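In what follows, a structure is listed as structure tokens, so that the remarks can point back to it.
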Amino acid sequence: MDRHALICRNIKEQPQTSQRDLARTMNISLGAINRLIKECLERGLITLLEDGHYQVTSHGLDFLEQYRADGAVIIAAGFGSRFVPLTFETPKGLLEVFGERMIERQIRQLHEAGITDITIVVGYLKEKFDYLIDKYQVKLLYNPEYSVKNTLATVYHARHLFRGRNVYLLSSDNWMRENMFHTYECGSWYSSVYQEGHTSEWCLSFNKKGKILRVEVGGHDSWVMYGPVFLRREWSEQFLPVLEAYYSLPGTEQFYWENVYLELVNETAQKRLLEAGIRQKTDSEYLSLYINQQSPDQVYEFENLEELRLFDPRYQNHSDNKAMELVAQVLHVPESEIRRIKCLKAGMTNKSFLFSVGDKRYICRIPGPGTELLINRRQEAAVYEVVKPLGITERVIYFNPENGYKISEYYEGARNSDAKNQADVSLCMKLLKRVHEAGLQVQHHFNIGERIEFYETLCKSHGDIPFEDYPQVKAQMDELTDRLDHLGRPETLSHIDSVADNFLFLADGSLRLIDWEYAGMCDPLIDVAMCAIYSYYDEEQTDRLIETYLERKPDKTEQTVVYSYVALGGFLWCLWAVYKSYVGEEFGEYTLIMYRYAKNYYRKVQNLVQKL
């Protein structure tokens, strides 16, 4: 950290500043300040005016230019799971604090310091940030890995913005009370606040000059990494090659960019790189990062909605969030009584969160993007009504047949079925068979051929279907549907979405089958096939599942029917995943696995048909 540059910067920003003010601002002794002032005068960086104040000279201004901040990169790609349900609708950085969006506050503060070259790295709900381009002339950079990797990957995709430049690295969800940005920054630093007692934050050890010597995750009574970062070009020149090497290493997908710095400063990075066969030299002189100590009420990183409620009372009862307003209305409580909010594992069709009101816990389901085209919520409501006498579904407190919002009770101590546990699978198949044999009727049907045509139309309305042999495979699927139609199979109310996670074992040992949104009248053997592909079963496991459901060995026709539904189901859900990708949701290898079921089981059906 160049203290002479700091003297010049502080005098330029505060012309009336005194030696005591400088000592307090720079957190060093008055004697040290007087010595630095003398050295700056001798170097011609500042001059003493007649009124007793100092002024930066033209030589001093030239000297400061090397420290000018060239721009800022704001990380805004993540989901913000600890802020659900607010972040289901709005990225965390766009949430308001005291009527001002957090990211806009930072942009405004940067502008006040003369920093206008600002790039926001986006991912989740990226379109929500577009208005900032027109309002503040920022640039957006898309991180394609935002949903599967952490901030190491985010900085990796933005690394060109740091090369040869002095740059702030910010998080969109930070809130700074006072503007802590400057036109000139005289060294690389990480903002820090002091936390008393035990903390799980990243704790800093540093020398008398503020140079960080070591970083430990978790500690006691410590200064911790908290808030903005500034990185000089020399620092980035040394750091980025190491970050690039880490990016390519397996096991670093969930690393923060700070993980790389931690291992560098703790001198464990070289060992990791050498074990991976990578030789990467760094110059520790240029990798110096200094602590920028802040007062307790200056920098805020809100960890969850509860913290935000304490800071900005508006969020106690007026979050402006549809789901929170709905829960408050349905359960007849103010929003402040909706607590212990937790994002559940995101479903492939819906989003949901767990919450408490009093001593009871509930789950609120929110339909995902594009779902209104895929699911008829009125039909789903009709299914729940018909199945209710069996007492096998979740207890639904509220269901809106217009938009699909659902609130249900949470079962404490419950667990999902384990598709690898034969005892679990046997009980699940018995429950499915009970539903199929109950003689329940609804007015709508699940026609897999019609669904395939519909999903295909949706996909093609957004672009091409990305499989080279798609026309050939589609013709094979048409062949299977024609064959099934000619069999004239019986129809019962079928669940269609019989994934293991939808079978719930309660603490008392009873079993529930939840989430009936795809259910309709169909061949009951489709549920066996769907269970198989959702569990990623191979042929042997699928055959065992058929026997478990039938409680006997299947005949060749039954086996052919299930195999046909495995192929058709794989094809259907592959198209579903392709469509979902077009509306912004990716499911990784799921698309490939489903397409492979379609192709492999078509061939198995052909082999069986030849034996009939």
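Using the empirical formula 2.2 N^0.38 Å as the baseline, the Cα radius of gyration of region 416-611 reaches a ratio of 1.00.
Put simply, when 231-240, 206-215 are sorted by average Cβ atoms within 10 angstrom per residue, most first, you get 231-240, 206-215.
Only helical runs count toward this figure. For the chain, summing -39,500 (n - 2.57) over DSSP H runs of n ≥ 4 and dividing by all residues gives -12500 deg cm²/dmol at 222 nm. Along its principal axes, region 2-82 has C-alpha extents of 57, 27, 21 angstrom, given from the largest down. For region 1-27, the residues whose backbone nitrogen is under 19 Å from a point 7 Å from the Cα of L49, taken along Cα to Cβ, are 7-23. Checking the Cα-Cα distances for K92/K139; K360/K420; K128/K211 against a 27 Å cut-off, the pairs over it are K360/K420; K128/K211. For region 321-410, the Kirkwood estimate of hydrodynamic radius, built from reciprocal distances between every pair of different alpha carbons, is 13.8 Å. Ordering G227, L287, L431 by Cα displacement along the dipole of the chain toward the positive end leaves L287 in first place; charges were set at the Cβ atoms of Lys, Arg (+1) and Asp, Glu (-1). With the alpha-carbon atoms of region 225-327 aligned to their principal axes, the span from lowest to highest coordinate is 56, 33, 21 Å, starting with the largest. For region 39-130, the set of chymotrypsin sites (Phe, Trp or Tyr not before Pro) satisfying both a DSSP loop assignment and a count of at most 12 other C-beta atoms within 10 Å is given as F98.
Protection proxy ranking, highest mean first, for peptides 139-152, 110-123, 570-583: 570-583, 110-123, 139-152, where packing is the per-residue count of other beta-carbon atoms within 10 Å, averaged.
Give the Debye-formula value of log10 I(q)/I(0) at each listed q (0.12 Å⁻¹), with one equal scatterer per alpha carbon of region 68-301, two decimals each. Here the Debye-derived log intensity ratios amount to -0.66. Per-peptide packing, taken as the mean over residues of other Cβ atoms within 10 Å, places 2-12, 432-442 in the sequence 2-12, 432-442 from highest down. For the chain, the relative contact order comes to 9 percent (Cα pairs under 8 Å, sequence separation of at least 6). Taking the Cα centre of each part, how many Å lie between region 1-26 and region 81-118? Comparing the Cα centres of region 1-26 and region 81-118, I get a distance of 30 Å. The angle between the Cα long axis of helix 233-247 and the longest principal axis of the Cα atoms of the chain comes to about 20 degrees, rounded to the nearest 10. Taking the three principal axes of the alpha carbon atoms in region 454-548, the coordinate ranges are 50, 33, 28 Å, sorted in descending order.
Computed from phi, the 3J(HN,Hα) profile of region 481-494 under the Karplus parametrisation 6.51, -1.76, 1.60 (θ = phi - 60°) reads 5, 4, 5, 5, 4, 6, 6, x, 5, x, 10, 9, 5, 10 Hz, with x in place of Gly and Pro.
Values quoted throughout were computed directly from the atomic coordinates according to the rules given, and no laboratory measurement underlies them. Source: prediction; values computed, not measured. So basically every Cβ, Gly included, is an ideal-geometry build from the backbone, and we count neighbours across all protein chains shown.
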